Amino acid sequence: MTSGGPGASASRAARKPSINDVARIAGVSYQTVSRVINNASDVNAETRQRILQVIDDVGYRRNRVATALVTKRSTALGIVTSDSPRFGPIGTLVALEKEARRNGYGTTVVTVEEPYEGSVEAALEALEDAGVAGIVVIAPLLTMAAPVWNAKVRVPVEMIAAGVSSTPDVVTYSENQELGARMATQHLIDLGHTDIGHLGGSLHWFDARSRKRGWESALRDAGLAPGLYLEGDWSPRWAYETGLRLIDEGALPDAVFAVSDHTALGLIRAVTERGLRVPEDVSVVGFDDVEGSDFFLPPLTTVRQDFGALAHASLEVLLATIEGREVIPSPSAPTMVVRDSTASPAS
């Protein structure tokens, strides 16, 4: 006769497998299982594989709080991000969370909003109080950077911000967006264009500043003067309305580097509505390679950001800082994707 009633059976069925269960089934000690979980090197390959198989079979998940108590090392990272819905910050956040999990870290995400002077400081302090090992701040806006630099927290802090240098207290990492803008502009130069304009983003954004610098430097290196430049708000609507105005005024350049794919989309619609053609009348290059940009009409030539590579490298930088290792971050490189929205200028 079995002891306990239906409630006890349900309780046992619902109980999560423990590290002791894994050790018993694998026929090893608790300490050996712990070494495998923590990637220690002093376990032979056959035993390691057997333990990993048992872990997979029984669905064991380690208790991060207990692990932190034993190892005296937190297994959680904090991520601070703005409430911007734009492609770059969202793509970076998703990639960072995935990369942290691959490295055995849980994440706590805090979204901040203006005024950043107060919300960023409060977010950093809350994450430090929660016991995270380190914090990544996704900072696309200039107004987010100062509170990060001025914050007084005792855990390592890394800021992801394009074209920004590290400080003694805050290491900075980013994709090389200036290089991406140079690549986009150089592509148009190589096609034979000399009148190359730039529909830019808000200069309150680090990304917009980096992309503008890349456009300017590519033209100057080619002996060309920077052409039309207009600062916008990243939106398709702004680019559409601006494109209509430029066409009506006869001021549309022969080629345009748009600060984002959504900006390019708005411009292409304006060009089409005025009876002109892309790329026959104007070549257009975007930036981001958002999902669906290969289905624009025409398919968009653009610069692809590799958020996976960005997340991998930035997390390596943060973990090195946490572990006290010296690290010299080198920005990850974007990729040029050539499609049908660019061509040599008409004769």
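By per-residue mean of other Cβ atoms within 10 Å, what is the highest-first order of 124-131, 160-167, 191-198?
Numbers: 124-131: 16.0, 160-167: 18.4, 191-198: 20.2.
For the peptides 124-131, 160-167, 191-198, the packing ranking is 191-198, 160-167, 124-131.
If each DSSP helix of 4+ residues adds -39,500 (n - 2.57) and the sum is divided by the residues in the chain, what number results at 222 nm, nearest 500 deg cm²/dmol? Please report the intermediate quantities before stating the final value.
Numbers: 13 runs with 158 residues, N = 347.
The per-residue figure over the chain is -14000 deg cm²/dmol.
Only four residue types carry charge here, +1 at the Cβ of Lys and Arg and -1 at the Cβ of Asp and Glu. Report the dipole size of the chain about the Cα centre in Debye, rounded to the nearest 20.
It works out to roughly 1780 debye.
Taking the number of other C-beta atoms within 10 Å as the exposure measure, put Ile79, Ile37 in order starting with the fewest.
On the way: Ile79 22, Ile37 17.
The most exposed by this proxy come first: Ile37, Ile79.
List the residues whose amide H sits under 5 Å from the amide H of Thr172, counting only those 5 or more places along or on another chain, with H placed 1.01 Å from N in the peptide plane.
Met159, Ser166, Thr167
Report the label-to-label distance for Ala333 and Lys152 in nanometres (one decimal), using points 7 Å from each Cα along the Cα→Cβ vector.
4.4 nm
Among Val285, Gly250, Gly266, pick out the residue whose Cα is farthest towards the positive end of the charge dipole of region 193-298, where Lys and Arg carry +1 and Asp and Glu carry -1 on C-beta, about the Cα centre.
It is Gly250, whose Cα lies furthest towards the positive end.
Just to confirm the filter: which trypsin sites (Lys or Arg not before Pro) across region 187-284 are DSSP coil and have at most 14 other Cβ within 10 angstrom of their Cβ? Please list the in-between numbers first.
Numbers: sites: Arg209, Arg211, Lys212, Arg213, Arg220, Arg237, Arg245, Arg269, Arg274, Arg277; in loops: Arg274, Arg277.
Here the trypsin sites (Lys or Arg not before Pro) that fit, given the DSSP loop and packing criteria, are Arg274, Arg277.
Within 10 Å of each candidate Cβ there may be at most 15 other Cβ atoms; applying that plus a DSSP loop requirement, which GluC sites (Glu not before Pro) in region 268-347 survive?
Counting only loop positions with at most 15 other Cβ atoms within 10 Å, the GluC sites (Glu not before Pro) in region 268-347 are Glu280, Glu291, Glu323, Glu326.
When ranked by the protection proxy of mean other Cβ atoms within 10 Å per residue, highest first, what sequence do the peptides 336-345, 43-52 form?
336-345, 43-52
Quick one: if you stick a label point 7 Å off each Cα along the C-beta vector at Ser235 and Asn103, how many nm between them?
Using points 7 Å along Cα→Cβ, the separation is 3.7 nm.
If you average the sequence gap of Cα pairs under 8 Å that are 6 or more apart and divide by the length of region 177-304, what percent do you get for the contact order?
Value for region 177-304: 26 percent.
In vacuo Debye scattering of the chain, one point per C-alpha: log10 I(q)/I(0) at q = 0.10, 0.13, 0.16 Å⁻¹?
The Cα Debye sum returns log10 ratios of -0.72, -0.97, -1.24.
How large is the Rg to Rh ratio of region 177-304 when both quantities use alpha carbon positions and Rh follows Kirkwood?
Values: Rg = 12.9 Å, Rh = 14.0 Å.
A ratio of 0.92.
Which aspartates and glutamates does Lys16 reach when only Cα atoms under 20 Å apart count, and residues fewer than 8 places away in its own chain are ignored?
In chain and number order, the partners are Asp56, Asp57.
Read-outs: derived from the displayed coordinates by stated rules, not from any lab. All figures in this text were calculated on a predicted structure; none of them were measured in a lab. Methodologically, a virtual Cβ is constructed for each residue, glycine included, from the backbone with ideal geometry; neighbour enumeration extends over all protein chains shown.
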